[in-house]
Amino acid sequence: MTGLADFGAQMTRIAGEMRAQSDDTEAFLRSMTRYAVDAVDQAEFATVTLVANGQIETPVIVGDLGGEADRLQQELGEGPCVRAAVDDVTIWIDDMTAETRWPRFTERAAALGLRSMACFCLYIDGDGFGALNLHSTRPYAFTEESRTIGELFAAHAATAFAAVKEKQQLHAALHTRDVIGQAKGMIMERYKLDATAAFALLARLSQDANIKLAEVAAQIVEAGPEA
């Protein structure tokens, strides 16, 4: 396991790699989760839990038992991963057989062979929440040092995750601008309108159809200049 003295520099490098290499959220989450299992001693499995609009999802699973733990929490609507995400706290379970919180979950998780868990809040974005979760088949698997490393990892990963989302939003905005520009140009050419009038026509079509301006523009571009 990487020592704490070197961990900050390593995480800065990893976060930079993930920001540079990943253009979509799911790919980023997969990379981040694999790094976490390698970085934290005794971590055997890992998941990312997302909570949004009352729904619990697990887009990334490293190891079957980690996936089963998240599946149980989806079924029960509660558990340590969900609580870490929603409450922005770090939660760990030293021994699943002795844990008194979430008794329905812990009993069934222990039956699967899970003994220790560490759950770190990953991000909070509006009504969406996320947690990075590490699992082990050994009781008392996560030491204070490994918990500290997990929290540092989650903090760096959250920063990189925010950068990825910002990059996605920028790409989406640029794409939308391009599509609207193409549609406006096609309208100007076909109906002999200036740029202002062409945009006003797009806006009127959007209002009348009760759909977003970008969707109207995409339909016009897809239909082509002769439509």
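What follows is calculated from the coordinates using simple rules that are stated; it is not laboratory data. These figures come from a predicted structure and were not determined experimentally. Here Cβ is always computed from backbone atoms with ideal geometry, including for glycine, and neighbour counts include all displayed protein chains.
Peptide packing for 111-120, 35-44 was compared via the average number of neighbouring C-beta atoms within 10 Å per residue; ordered from the highest value, the list is 111-120, 35-44.
For the ranges 150-156, 137-143, what's the packing order if you count other beta-carbon atoms within 10 Å of each residue, average per peptide, and put the highest first? Before the final figure, lay out each step's value.
Details: 150-156: 20.0, 137-143: 16.4.
My ranking of the peptides, most packed first, is 150-156, 137-143.
Net charge around ILE56, counting only other residues with Cβ within less than 10 Å of its Cβ (Lys, Arg = +1; Asp, Glu = -1)?
-3
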